[in-house]
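The values are calculated or read from the model by the stated rules, or taken from the named source; none is laboratory data. On a predicted model such as this, the values are computed, not experimentally measured, just so you know. With ideal geometry, Cβ positions are generated from the backbone for all residues, glycine too; neighbour counts draw on all protein chains shown.
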Amino acid sequence: MSNQMWGGRFLSGPDAIMEDINASIEFDKALWRQDIAGSRAHVAMLAKQGIVEAADATAIAKGLDSVEAEIESGSFTFSRALEDIHMNVESRLAEIVGPAAGRLHTARSRNDQVATDMRLWVRDTLDALDLQMADLQSALAEKALEFAGAVMPGFTHLQSAQPVTFGHHLMAYVEMLGRDRGRVKDARKRMNENPLGAAALAGTSFPINRHMTAELLGFDRPTANSLDSVSDRDFALEALSAASICAMHLSRFAEEIVIWTTPQFGLVALSDKFTTGSSIMPQKRNPDAAELVRAKSGRIIGSLTALLIVMKGLPLTYAKDMQEDKEGTFDALHSLSLCLAAMSGMVRDMTPDTKAMKKAAGSGYATATDLADWLVRTLKMPFRNAHHVTGRIVGLASEKKIGLEKLTLEEMQSVEPKITVDVFAVLGVDKSVKSRTSFGGTAPANVRREAKRWIAKLAREKRSC
Ligand code: ARG
């Protein structure tokens, strides 16, 4: 049987393989709410403009309610022969409403319909992701406030560099998430235009009102060019690139959790809630959730790459290639949502071993820079010389296999005679972090202030939405 939507010129139905490659219903049924919302707005506008009679519009609107109820309750039968969500909904509508249903598709095409549905889905999903990112920020800032003064090693090249505080480290991710949210909001603002009414590609001769459908669907305005409206997927690409950057941030943090929780580092512990055991090694506690967050960044970033490649060779306007935008976009944004939830859970669940952190912070001569700074400040030595002197003192301590603060004054003076007993005041890790009061530095007072500032900001945001 030829297709009931466009079968006029077709004598037979598609080959089975054609149906296999062509049907998108298995994944685009996720757009059912958006599809029905778009149709509701469209038919209301058609009626208002006198393009469809009020009685038909009412029948269609009621029919859409029934379709919605059927899908919601699970009684709706999706059909592969009907290809996609648009034709599935419309075909059922025709069964419920009768011939009047056919008027719904006046002055629109599946091309502007799918562009509208996808924008609505991506927009609403970005809004939900933004809330999840805010929740992760809250979890981090609260933990940071609690451990604003907990000294841990700060790393460069994953080598102990200088002591920092655990709170400061967590707040770094609050900043990253702040920018991630900025990207999401920015993408949302740019994509919030209504493609509906661009029709197949050229607009329509019917006297439609695209401003009205824009308003009904929560768009800021209609898109300005009909060709662009049906052929653009950069809104999805922007969402995916914002998601990819956020996923990359989460993956770095996940990697740190994996490192910190190894017994060799032993800086942080996760509870039973976010770890798994081993079937043969009873001592093990595996950070699977963190590992999966790290790994899922692969599919999120992969979706961005895949869609960029799908789009890059397409002449304007619509091509069926664009149907391939969906699975990757749905999967990537769902995956990011899962990663954010898992990360918030892990942050709330994690307990730093503050003793182990402090011990590790002092190892590897992490206060060497403090010694060099002391030489500059107190002995007025040029920094380059101070660096050299410090290097020799570190060499001495390392030969003796002891920490810098364990050297005697005489031993230090054997390298630089002008050193006085005051130097010991800067060699402890606590003193080191306390002294880092420069704007953005790791001093516990700074960290506390920043954590409080974010907690207040996030609470304000929450109240206003
Ligand atoms: N399922 C299609 C998609 O996702 C809908 C648009 C189809 N348009 C067309 N002219 N065949 O892209």
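Condition check: touching a helix residue (DSSP H, G or I) at 6+ places or on another chain (Cβ under 8 Å) and either on the phi > 0 side of the Ramachandran plot or within 12 Å of the ligand (Cβ to nearest atom) (or both). Does Ile85 satisfy that? Taking the combined requirement at face value, the residue satisfies it.
Going by the structure shown, is Gly345 surrounded by fewer than 18 Cβ atoms within 10 Å (Cβ to Cβ), away from the ligand (no atom under 16 Å from the Cβ), under 30 Å from Ala139 (Cβ atoms) and touching a residue at least 24 places away in the same chain (Cβ under 8 Å)?
Judged against the criteria, Gly345 is a match.
Residues in segment 90-114 that are away from the ligand (no atom under 12 Å from the Cβ) and either at positive phi or within 32 Å of the chain's Cα centre (by Cα) (or both): Gly98, Ala107.
Restricting the search to helices (runs of 4 or more DSSP H) fully inside segment 162-232 and requiring at least 3 residues that are surrounded by fewer than 20 Cβ atoms within 10 Å (Cβ to Cβ) and among the small types (Gly, Ala, Ser) gives 166-191. If you check Arg285, Arg294, which single one turns out to be modelled with pLDDT under 95, touching an Asp or Glu at 6+ places or on another chain (Cβ under 9 Å) and under 30 Å from Thr165 (Cα atoms)? Residue meeting the stated conditions: Arg285. Entry remark, segment 311-335: residues being in contact with a Leu (Cβ under 9 Å, 6 or more places away or on another chain) and more than 16 Å from the ligand (Cβ to nearest atom) number 2 in total. For first residues located in segment 91-102 and under 14 Å from Thr77 (Cβ atoms), partners that are modelled with pLDDT of 95 or more and hydroxyl-bearing (Ser, Thr, Tyr) and lie 6+ apart or on another chain with Cβ distances below 6 Å form the pairs Ile96/Ser66. Restricting segment 115-141 to residues that are within 16 Å of the ligand (Cβ to nearest atom) and either within 29 Å of Ala254 (Cβ to Cβ) or without any contact (Cβ under 8 Å) to a residue 12 or more places away in the chain (or both) leaves a set whose member that is nearest to the chain's Cα centre (by Cα) is Val122.
Can you say whether Lys296 is of a type in the set (D, E, K, R), in a helix (DSSP H, G or I) and exposed (fewer than 15 other Cβ atoms within 10 Å of the Cβ), as far as the supplied structure shows?
no
Assess whether Phe274 counts as being of a type outside the set (A, V, I, L, M), touching a residue at least 24 places away in the same chain (Cβ under 8 Å) and crowded, with 20+ Cβ neighbours inside 10 Å. When the stated conditions are applied, Phe274 passes them. Applying the criterion of being hydrophobic (A, V, I, L, M, F, W, C) and in a loop (DSSP other than H, G, I, E, B) to the residues of segment 11-28, the residue that is surrounded by the most Cβ atoms within 10 Å (Cβ to Cβ) is Ala23.
Residues checked against (1) among the charged types (D, E, K, R); (2) at pLDDT 95 or above:
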residue: Ala161; (1), (2): no, no
residue: Val164; (1), (2): no, yes
residue: Met171; (1), (2): no, yes
residue: Met176; (1), (2): no, yes
residue: Lys189; (1), (2): yes, yes
residue: Asn194; (1), (2): no, yes
residue: Pro207; (1), (2): no, yes
residue: Asp220; (1), (2): yes, yes
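Candidates in segment 423-440 are the residues that are polar (S, T, N, Q) and surrounded by fewer than 21 Cβ atoms within 10 Å (Cβ to Cβ); of these, the one that is nearest to Asp373 (Cα to Cα) is Ser435. When each of Glu68, Glu72 is tested for being modelled with pLDDT of 95 or more, more than 14 Å from the ligand (Cβ to nearest atom) and closer than 28 Å to Asn209 by Cβ, the lone residue that passes is Glu68. Please verify whether Leu31 is touching a residue at least 24 places away in the same chain (Cβ under 8 Å), within 16 Å of the ligand (Cβ to nearest atom) and assigned to a helix (DSSP H, G or I), treating the condition exactly as stated. Yes: the conditions hold for Leu31. The lone criterion from (1) aliphatic (A, V, I, L, M); (2) more than 13 Å from the ligand (Cβ to nearest atom); (3) farther than 16 Å from Ala242 by Cβ left unmet by Leu308 is number (3).
Is it true that some residue in segment 347-358 is in contact with a helix residue (DSSP H, G or I) (Cβ under 7 Å, 6 or more places away or on another chain) and closer than 20 Å to Leu404 by Cβ? Checked against the condition, which is being in contact with a helix residue (DSSP H, G or I) (Cβ under 7 Å, 6 or more places away or on another chain) and closer than 20 Å to Leu404 by Cβ, segment 347-358 yields at least one hit. Residues being within 16 Å of the ligand (Cβ to nearest atom), touching a helix residue (DSSP H, G or I) at 6+ places or on another chain (Cβ under 7 Å), in contact (Cβ under 8 Å) with a residue 40 or more places away in the chain and not acidic (Asp, Glu) are represented in segment 286-303 by at least one member. For segment 42-73, the set of residues classified as surrounded by fewer than 22 Cβ atoms within 10 Å (Cβ to Cβ) and under 38 Å from the mean Cα position of the chain (by Cα) consists of Ala44, Ala61, Lys62, Asp65, Ser66, Glu68, Ala69, Glu70, Ile71, Glu72, Ser73, listed by residue number.
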